Amino acid sequence: MRRQPDAIEPDGLPNARNTPTSTLQSNVWYHLGLAHWLRNDVGAALAAWQQCLRVATNPDMDVATRYWLYLAQRRLGNGPAAVALLEPVRRDQDIIENGSYHRLLLVFKGVLPVDSVTNDAGQGGATTAYGLAAWLDAEGNHPQSEYFLRRARSGGQWASFGYIAAEADLARMARAH
């Protein structure tokens with residue numbers, strides 16, 4: 001793949017603008033990062049998402065990748081590197097599909113208050129609930145983190161990356177006890 005030209009990957013479920021937001025290479029790196037994350041191989045996830053960010057060609061792919069990179073840097077204890085990832089994130093970015101990731105990055109950056117997204121973390125908001133859980137865990141608020149992990153899993157969005165990641169984190173927590 002590294003020696004091949006990148007190409008737009010047609011969406012299986014087109015968005016409201018019928019504008020694809022990912023490429024073949026960005027999708028491969030992005031999903032490879034997720035696979036490593038779910039196995040709790042955070043270093044390998046970080047490396048894959050760093051490659052993904054290099055080929056992110058639009059604001060949607062950029063914020064999705066920055067979101068996971070931020071969480072990885074925080075989980076690894078690299079606070080300054082995590083904060084640096086937030087620098088280019090702005091309220092006025094033209095986001096088509098990844099509004100949840102964008103709003104969470106704005107929360108992490110301190111631009112939006114946490115309570116501005118907590119309603120998004122309700123039924124059907126696995127992405128937001130997981131993002132809050134991972135962020136709260138990095139902030140040292142483990143009881144609230146666990147609450148949002150359970151909330152991410154309770155919404156029935158079993159195919160959502162937030163739901164799947166919440167399941168993986170909860171399973172790791174159960175094994176640790």
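Can you say whether Asp6 is part of a loop (DSSP other than H, G, I, E, B), among the acidic types (Asp, Glu), without any contact (Cβ under 8 Å) to a residue 12 or more places away in the chain and surrounded by fewer than 19 Cβ atoms within 10 Å (Cβ to Cβ), as far as the supplied structure shows? So Asp6 does not fit the description; no. The set of residues in region 65-99 being modelled with pLDDT of 95 or more, closer than 27 Å to Ala16 by Cα and either part of a helix (DSSP H, G or I) or basic (Lys, Arg) (or both) consists of Thr65, Arg66, Tyr67, Trp68, Leu69, Leu86, Arg90, Arg91.
The rows are residues; the columns are (1) outside the structural domain of Trp68 (by TED's automatic domain parsing); (2) under 18 Å from Gly110 (Cα atoms); (3) modelled with pLDDT under 95.
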site: Gly125; (1), (2), (3): yes, no, yes
site: Glu139; (1), (2), (3): yes, yes, no
site: Pro143; (1), (2), (3): yes, no, no
site: Phe148; (1), (2), (3): yes, no, no
site: Ser154; (1), (2), (3): yes, no, yes
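Please determine whether any residue of region 2-9 is closer than 29 Å to Arg172 by Cα and of a type outside the set (Val, Ile, Thr). No, region 2-9 has no match at all. For region 9-18, check the following and say yes or no: at least one residue is surrounded by 15 or more Cβ atoms within 10 Å (Cβ to Cβ), modelled with pLDDT under 95 and either more than 20 Å from Thr127 (Cβ to Cβ) or in the same structural domain as Ser160 (by TED's automatic domain parsing) (or both). Yes; the residues of region 9-18 include at least one that is surrounded by 15 or more Cβ atoms within 10 Å (Cβ to Cβ), modelled with pLDDT under 95 and either more than 20 Å from Thr127 (Cβ to Cβ) or in the same structural domain as Ser160 (by TED's automatic domain parsing) (or both).
Scanning region 100-135 for residues that are among the small types (Gly, Ala, Ser) and assigned to a helix (DSSP H, G or I), which turns out surrounded by the fewest Cβ atoms within 10 Å (Cβ to Cβ)? Only one residue tops the list, namely Ser116. Among the residues of region 19-31, some residue qualifies, meaning at least one is part of a helix (DSSP H, G or I), within 13 Å of the chain's Cα centre (by Cα) and not charged (D, E, K, R).
The values are calculated or read from the model by the stated rules, or taken from the named source; none is laboratory data. Because the structure is predicted, anything quoted here is derived from the model rather than measured. Reconstructed Cβ throughout: ideal geometry from the backbone, glycine too, with neighbour counts over all protein chains shown.
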